[in-house]
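In what follows, a single structure is set out as structure tokens and then discussed.
The values are calculated or read from the model by the stated rules, or taken from the named source; none is laboratory data. Model, not experiment: these values are computed from the prediction. So basically every Cβ, Gly included, is an ideal-geometry build from the backbone, and we count neighbours across all protein chains shown. Just so you know, the surface numbers come from the protein's heavy atoms only, side chains and all, with ligands and any DNA or RNA stripped out. Shrake-Rupley method; radii C 1.70, N 1.55, O 1.52, S 1.80 Å.
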Amino acid sequence: MRRLSINSVVIILLVAVYSPSKVKAQSTPGLFDGKTLKGWKRLAGTADYKVENGAIVGTTVLNSDNTFLVTEKEYGDFILELDTKIESPLSNSGVQTRSHCDPAGHDGKGRVYGRQFEIDPSARKWSGGIYDEGRRDWLYPVDLNAKAKDAFKVGVYNHIRMECIGNEMRTWINGIPVADVVDTIDRKGFIGLQVHAVTTAEQAGKKVYFKNLRIQTKNLMPKPFPKDIYTVNYTPNSLSPHERASGWALLYDGHTSSGWRGATMTTFPAKGWVYNNGAMHVLSSEGKEESGGGDIVTDDLYSTFDLSFEFKITPGANSGVKYFVTLSEVTKGSAIGLEYQVLDDVLHPDAKLGRNGDRTLSSLYDLIPANKPARFIRPVGAWNTGRIIVYPNNHVEHYLNGVKVLEYERGSKEFKDLVAISKYVIWKNFGEAKEGHLLLQDHGNEVFFRSIKVKRLGK
């Protein structure tokens, strides 16, 4: 047997230890050494941060703004993992990613802004959602992935993971995938640990813990993400690779009318609609439905599906997105179907008609009112995101900007009872067709649609 010299053995051991295939993600120097806050600085509020037993511990302070302990270094693409614990369901926290600070904000105290991994142990259970701190509000409420709502546990350490690679951010809690956002801004920024503002003595003095911070910035390998989890994609009229792999299809490419036609025509309307400038744009005809181009429908029929769309209304506008449109029910050029209402609730009189607000924004028109918090209604002139899901068991859900606002069982006794006291009573078996077209409504007002995408749902 050949004898190896001591030098040869040392070389072999070094190669084995430092082989790229053996190297795991290591804590980047300066992120957290487990002993001090070197490489970190406090911004915005006055909450206290200390190192205790190898963990960064933040403590809430009464009447302070949100406080952030942030890295002095900025990061672009990375995978960040850490363990976090929160003491009370009354508390709130988060981890900032690719974030920034406006030193002049909040009366000179500084305003931190950027995407945040939310830690929210309240009754709504939105931990792992993605919140745009100090800027756009919620990007990914966990209503969009309700199966993940119970992933976070109060009073014990939870392992969290976030991937920020390219223009996409994904989150996990205790190995459970939660949120997926494709964004158009912030490719680099600091990482921050939040202590949320509190306004009552009961909330003051509560602690949030962060330990075992590990960040990887090279040789990034994204973790597989389930195809049934919805992606919030802020790139207009596009599909991410994950969306394509999950079966989503664009119904509007931003440039053509392909796949659409007039509801009472074989071709796309020659007037009333503009489609070649990034949005399917309904032109105003001063509220006169019969004077415009009329409703448009998809060439294809749909039975069970997940439909997502963005819309922007002008002051006083009225429109809608209809589904299960059979085209056998047409009146004055307008086709009939179940309708996700698109409306300026403040200025359009229809908001005050019907019963209990069932003609307001995102309601099932003339049947079921939407229960929508005011903070999730974006103003006139801003883009809102609507979503309609029809499951194989005929359960239907409406969403507005990521929040579920209503649900019902199509064809149930409760549904039939609502139809019987609505304007739709004159149509036999209204809303119960096996399949139908999707429709964008021309109600005579200027409205814009974009990022219209659909995923067919199997049994």
- Item | Test set (1) among the small types (G, A, S); (2) on the phi > 0 side of the Ramachandran plot; (3) assigned to a strand (DSSP E or B) - G444 fails condition number | (3)
- Query: Which is without any contact (Cβ under 8 Å) to a residue 24 or more places away in the chain and of a type outside the set (S, T, Y), of K218, K211?
  - Reply: K218
- Note on the structure: Among the residues of the range 314-370, the number that are open to solvent by 40 Å² or more (accessible area, probe 1.4 Å) and in contact with a Leu (Cβ under 6 Å, 6 or more places away or on another chain) is 3
- Restricting to the range 144-163, what's the tally of residues that are outside any helix (DSSP H, G or I) and either in contact (Cβ under 8 Å) with a residue 40 or more places away in the chain or buried (at least 23 other Cβ atoms within 10 Å of the Cβ) (or both)? 11
- If the Cβ limit is 7 Å and pairs must be 6+ apart or interchain, which residue in the range 355-383 that is modelled with pLDDT of 95 or more pairs with which residue that is surrounded by fewer than 19 Cβ atoms within 10 Å (Cβ to Cβ) and basic (K, R)? D366/K423
- Residues in the range 193-209: is at least one open to solvent by less than 30 Å² (accessible area, probe 1.4 Å) and either under 21 Å from L440 (Cβ atoms) or part of a loop (DSSP other than H, G, I, E, B) (or both)? no
- Item | Within the range 65-89, tally of residues that are out of contact with any Cys (no Cβ under 9 Å at 6 or more places or on another chain), closer than 13 Å to K188 by Cα and buried (at least 19 other Cβ atoms within 10 Å of the Cβ) | 1
- Task: Hand me the list of strands (runs of 3 or more DSSP E) wholly inside the range 231-309 holding 3 or more residues that are crowded, with 16+ Cβ neighbours inside 10 Å.
- Result: 260-262, 280-282, 296-298
- Query: Are any of the residues in the range 100-117 buried (at least 21 other Cβ atoms within 10 Å of the Cβ), of a type in the set (G, A, S) and without any contact (Cβ under 8 Å) to a residue 60 or more places away in the chain?
  - Reply: no
- Tell me, yes or no, whether the range 166-182 has at least one residue that is small (G, A, S) and surrounded by fewer than 18 Cβ atoms within 10 Å (Cβ to Cβ). yes
- Item | Boolean, N92 is surrounded by fewer than 17 Cβ atoms within 10 Å (Cβ to Cβ), touching a residue at least 40 places away in the same chain (Cβ under 8 Å) and under 22 Å from G402 (Cα atoms) | no
